[in-house]
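Peer 1: Mind looking over this structure? Questions follow.
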């Protein structure tokens, strides 16, 4: 037998009141209140996105996008209005945007069952050579400064677009482009140096 | 990056924000500024008519009122659509007035047909009307688009379409006063239809005009 509606609504009403108060304080510049609010809404956002994107690996990425969007439009919250509809509208909107973006990206991808083989000018690489090369690339990546490495990891390894990487890191698109360019130059110099020693 | 780390970064970045004014207040501000602009434009182009004389023509009165109400409600709907969590029905507010505007003009066409046996066409004027409408509506359109950008881009297509509807409706209302003798069929085809078409075309540019800012964009804007 379920609880009477009035009883089940009481925790929700208390939570709503608490979040409204925290959001109002956050808008006034209270960083502790803001941090508390975002931490408390995080599980709710994860559940909400996971429900819509069942089995998807990008739930956490979408949740982070929602947090970023909430941050950029926090001035639009009216303290005289309920907090949950405001939050869930942003969450729903960003989830739809992420789904559309993934769909258009997938439409341009081709699934290849058999990877094309490549051969160097001499003999084909054996498995040990491939492992050695991967380790060498890891070392090339590891020797980069943090900012450059983060840029390469987000854009070249995780495949984020410039805009997505900019949102994730808080850096401008121009700054990310410079970081990637310098990172690739640095890795190339490291690899060339390594090949000379070999 | 972990979400918990992102939260720490966002909290560290959080400065006090200036809350957005109520959407109705913002719509009212836009409406007043745009109306004043339309009046200045009318006076600048030599309009010196007596309003009470003009509004004694019921056809003009209905058309003008419908256009102004459409503009007002479209502006209010546009601003409401940038506030997350507001009721969805607010976005539909201008459509009954737009429908009334179209219906009253169609009724005028029907009366013209019944009275004169044919629909009077204003030769030579038609093709210039949509262009004039765009020119008159340009400044109100730019102003409202700048204002709605302060909100959240949760419905970019709809917000842009409603903004353009508001601007072109006010432009059409001003043109009604400037050229009160245009026939109903001319108004329907060369003024009201372009209002709807321009709004539809503008809405397609929604995502390009209204998009989510990044943190670095906000830093540059001084938030």
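The values are calculated or read from the model by the stated rules, or taken from the named source; none is laboratory data. These numbers come from a predicted model, not from an experiment. Note that each Cβ is placed from the backbone with ideal geometry, even for glycine, and that neighbours are counted across all protein chains shown.
Peer 1: Scan segment B:11-27 residue by residue and report those that are free of Cβ contacts under 8 Å to residues at least 24 places away in the same chain, part of a helix (DSSP H, G or I) and under 30 Å from residue B:81 (Cβ atoms).
Peer 2: Listed by number, the residues that qualify are B:11, B:25.
Peer 1: Between B:76, B:93, B:114, B:128, which is within 21 Å of the chain's Cα centre (by Cα), over 24 Å from residue B:147 (Cα atoms) and free of Cβ contacts under 8 Å to residues at least 60 places away in the same chain?
Peer 2: After applying the criteria, what remains is B:128.
Peer 1: Here's something else I'd like to know. Can you confirm whether residue A:69 is crowded, with 16+ Cβ neighbours inside 10 Å and facing another protein chain (nearest Cβ under 8 Å)?
Peer 2: Judged against the criteria, residue A:69 is a match.
Peer 1: I've got another one for you. Of all residues being part of a helix (DSSP H, G or I) and in contact (Cβ under 8 Å) with a residue 40 or more places away in the chain in segment A:45-60, which is nearest to the other protein chains (Cβ to nearest Cβ)? Just the residue, please.
Peer 2: That would be A:45.
Peer 1: Sort through B:9, B:19 and tell me the only one that's within 9 Å of chain A (Cβ to nearest Cβ), surrounded by 14 or more Cβ atoms within 10 Å (Cβ to Cβ) and closer than 20 Å to residue B:90 by Cβ.
Peer 2: None of the other options fit; the residue is B:19.
Peer 1: Here are some residues: A:38, A:42. Which one is modelled with pLDDT of 95 or more and buried (at least 21 other Cβ atoms within 10 Å of the Cβ)?
Peer 2: Testing whether each residue is modelled with pLDDT of 95 or more and buried (at least 21 other Cβ atoms within 10 Å of the Cβ) leaves just A:38.
Peer 1: Shifting gears a bit: May I ask you to list the residues in segment A:154-169 that are at the interface with another protein chain (Cβ under 10 Å from one of its Cβ atoms) and surrounded by fewer than 18 Cβ atoms within 10 Å (Cβ to Cβ)?
Peer 2: Of everything in segment A:154-169, just one residue is at the interface with another protein chain (Cβ under 10 Å from one of its Cβ atoms) and surrounded by fewer than 18 Cβ atoms within 10 Å (Cβ to Cβ), namely A:163.
Peer 1: Which count do you get for residues in segment B:131-153 that are farther than 30 Å from residue A:91 by Cα and touching a residue at least 60 places away in the same chain (Cβ under 8 Å)?
Peer 2: 6
Peer 1: Identify all residues within segment A:19-30 that are surrounded by fewer than 16 Cβ atoms within 10 Å (Cβ to Cβ) and at the interface with chain B (Cβ under 9 Å from one of its Cβ atoms); write none if there are none.
Peer 2: Matches in segment A:19-30: A:28, A:29.
Peer 1: Next up: List the residue pairs whose Cβ atoms are under 7 Å apart, where the first residue sits in segment A:146-160 and is more than 13 Å from residue A:184 (Cβ to Cβ), the second is part of a loop (DSSP other than H, G, I, E, B), and the two are 6 or more positions apart or on different chains.
Peer 2: Correct list of pairs: A:154/A:160.
Rundown of residues vs (1) buried (at least 17 other Cβ atoms within 10 Å of the Cβ); (2) touching a strand residue (DSSP E or B) at 6+ places or on another chain (Cβ under 6 Å); (3) at pLDDT 95 or above, yes/no style:
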{"site": "B:31", "(1), (2), (3)": "yes, no, yes"}
{"site": "B:34", "(1), (2), (3)": "yes, no, yes"}
{"site": "B:39", "(1), (2), (3)": "no, no, no"}
{"site": "B:43", "(1), (2), (3)": "no, no, no"}
{"site": "B:50", "(1), (2), (3)": "no, no, no"}
{"site": "B:59", "(1), (2), (3)": "yes, no, no"}
{"site": "B:64", "(1), (2), (3)": "yes, no, no"}
{"site": "B:73", "(1), (2), (3)": "yes, no, yes"}
